[in-house]
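Engineer: First, the structure itself, so that you have it in front of you.
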Amino acid sequence: MNVPRTRIAQLTTGLWLGGGEIQFVELLRGLRDKYEIKVAVIEDAGLLREPVSQMGLKPTVFPLNGSLVQPNTARQVARLARWLKEQRINIVHAHDLYTILLAVPAAKIAGCRVVVGRLDLVHWEGRGRRAALTISSRVADHVIANAAAVRAMLIEKERIPSDRISLIYNGIDLAEFDRRSEQPALAPLPETGRSPVAVLVANMVHSVKRQEDFLEALALARARCGSLQAFLVGDGPRRAELERLAARLGLNGDAVHFLGYRVDVPSVLRRATLGVLCSSKEGLSNAVIEGMAAHLPMVVTNAGGNPELIEHGKRGLVVGVQRPQELADAMLQLLENPGAARQMGEAGRKFVAEKMNLNRMLEAHDQLYQRLANGKIKPSFGQ
């Protein structure tokens, strides 16, 4: 007799090309043969919509159309609850702020188990949304944190019981990453010759990414290593401001290269000497994980999950937040000690292979879903 597969609704705001969204797609791809999966989004947009559709997972849309504080939000919660019942969903997994705020009440109405993903330190949300997110996470049956720093915040600041939180690191398909890194770049890359290259991969939307600190550090480092060049991968409304800063710092076209959005990041990383992430706030950065996968020694700030990925002196160097001089010194330390830098890069690659591989992430989610489906995790109503 065939046993019906557990039916899981996976919710994300949109299918843009971002670290969290890529993890979402990998989860769908890795578990779709074991579970009956349905996908719901708030915005039916993004470059990752095509690979999701190719899996036969056409997203159902629950648009918010602006502020959460409007009658439409209640309508979408009601619509989502009806949809969950119609699809006979057993488990709902909401992956980000807006889907959590919709999914938790809808799942409770529909009688589904609900798990929420908390993947950052809520560093760019307002006080009201943060309070709503905290309440929703307490009401959810289970919470997934992707970094020890996030888990600690949930326990210490949001008072969520530790036994209702699972720490599941992000996962990367190293074989696919290596295959992509060996492919020619999809768009031309600047000619850098034998010059060392520092690369920073981050959006230019949120100021917490602090590309300005990287540019200042680059200017300082070039006083001692005039050949050092930089790739900035990413785009957004802050790009023009950052380009103006680079000009004021005297970083001409041979020093810093703004590459915009790239879908061939592994190929770009292959051209680099070291990686940098200098955020003032961070969750668990996929950019750092990919840099480590590319054998790069990393220089990161002491923010969020960065130190647990790098471990100062072992897989790279950790510097203070908004300390361009420390950042410059760390980059120079790696450039001036290539043997130690190479060892850090290899240690980073080994760490990712052991702790961040995709199969480990998929297995951890599978085990959690099984515990929810089998009633081994008791329902929570915000106790």
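Every read-out reported here was derived from the displayed coordinates using simple, explicitly stated rules and does not represent laboratory data. This structure is a prediction, so every number in the text was calculated from the model and none was measured. Cβ sites come from the backbone with ideal geometry, for glycine too, and all protein chains shown count toward neighbours.
Engineer: Fewest to most neighbouring Cβ within 10 Å: what's the order for C278, C112, C225? Display every interim value, and only then the final one.
Structural biologist: Values: C278 30, C112 23, C225 16.
Arranged by neighbour count, lowest to highest, C278, C112, C225 become C225, C112, C278.
Engineer: Please say if the range 175-355 is rounded, prolate or oblate, where rounded means a/c under 1.5 for a ≥ b ≥ c the square roots of the C-alpha gyration tensor eigenvalues, and otherwise the choice is prolate for a/b larger than b/c and oblate otherwise?
Structural biologist: rounded
Engineer: Okay, moving on. What do you get for trypsin sites (Lys or Arg not before Pro) in the range 66-116 restricted to DSSP loop and a cutoff of at most 15 other Cβ within 10 Å of the site's Cβ?
Structural biologist: Counting only loop positions with at most 15 other Cβ atoms within 10 Å, the trypsin sites (Lys or Arg not before Pro) in the range 66-116 are R88.
Engineer: Could you check the simple spin-label distance between S53 and K378, using points 7 Å along Cα→Cβ, in nm with one decimal?
Structural biologist: 4.6
Engineer: How would the range 303-383 be classified by its alpha-carbon gyration tensor: rounded, prolate or oblate, with rounded meaning a/c under 1.5 and the a/b versus b/c comparison settling the rest?
Structural biologist: oblate
Engineer: Please report how far the C-alpha centroid of the range 214-267 lies from that of the range 28-42, rounded to the nearest whole angstrom.
Structural biologist: First find each Cα centre; the distance between them is then 39 Å.
Engineer: A further question on this structure: Would you list, by chain and number, the aspartates and glutamates whose Cα falls below 18 Å from the Cα of K38, excluding same-chain residues fewer than 8 positions away?
Structural biologist: Within reach: E21, E26, E50, E86, D96, D366.
Engineer: Rounded to the nearest 10 degrees, what's the angle between the helix 97-110 long axis and the longest principal axis of the chain, both from Cα atoms, 0 to 90?
Structural biologist: So the helix axis and the longest Cα principal axis differ by about 10 degrees.
Engineer: Okay, moving on. Neighbour counts of other C-beta atoms within 10 Å: give me S166, S227 arranged from fewest to most.
Structural biologist: Starting with the residue having the fewest Cβ neighbours, the order is S227, S166.
Engineer: Ordered by residue, what ³J(HN,Hα) values in Hz, to whole numbers, does the range 216-225 give under the Karplus form 6.51 cos²θ - 1.76 cosθ + 1.60, where θ = phi - 60° and Gly and Pro are x?
Structural biologist: In residue order, the calculated couplings are 5, 5, 4, 4, 5, 5, 5, 5, 9, 10 Hz.
Engineer: Hey, another quick one. Of E363, E212, how do they rank once you tally other Cβ atoms within 10 Å and put the fewest first?
Structural biologist: Ranking E363, E212 by Cβ neighbours within 10 Å, fewest first, gives E363, E212.
Engineer: On to the next question. Could you list the trypsin sites (Lys or Arg not before Pro) in the range 150-184 that lie in coil according to DSSP, counting only those with at most 14 other Cβ atoms within 10 Å of their Cβ?
Structural biologist: Passing both the DSSP loop test and the Cβ count: K157, R159.
Engineer: A follow-up question, please. Let me have the 222 nm mean residue ellipticity of the chain computed from DSSP H runs of 4+ only, each contributing -39500 (n - 2.57), with the sum over all residues rounded to the nearest 500.
Structural biologist: -13000 deg cm²/dmol
Engineer: Can you tell me the dipole magnitude for the chain around its Cα centre, using point charges on the Cβ only (Lys, Arg +1; Asp, Glu -1), in Debye to the nearest 20?
Structural biologist: 1300
Engineer: Here's a follow-up. Multiplying the sequence separation of D163 and A131 by 0.36 nm and subtracting their Cα-Cα distance, what value in nm do you get?
Structural biologist: Difference between extended and current length: 9.4 nm.
Engineer: While we're looking at this one, here's another question. Step through the table entries K34/K58; K58/K85; K355/K378, compare each Cα-Cα distance with 20 Å, and write down the pairs that go over it.
Structural biologist: K355/K378
Engineer: Across the range 351-359, in residue order, what do the Karplus-derived ³J(HN,Hα) couplings come to in whole Hz, using 6.51 cos²θ - 1.76 cosθ + 1.60 with θ = phi - 60° and x for Gly and Pro?
Structural biologist: Computed from phi, the couplings for the range 351-359 are 4, 5, 4, 8, 10, 10, 6, 4, 4 Hz.
Engineer: Angle check, please: helix 19-31 long axis (alpha carbons) against the longest principal axis of the chain (alpha carbons), in degrees 0 to 90, nearest 10.
Structural biologist: Helix 19-31 and the main axis of the chain meet at about 50 degrees.
Engineer: While we're on this one: In whole Hz, with x marking every Gly and Pro, tabulate ³J(HN,Hα) for the range 297-307 from phi via Karplus 6.51 cos²θ - 1.76 cosθ + 1.60, θ = phi - 60°.
Structural biologist: x, 10, 10, 10, 8, 7, 9, x, x, 4, x
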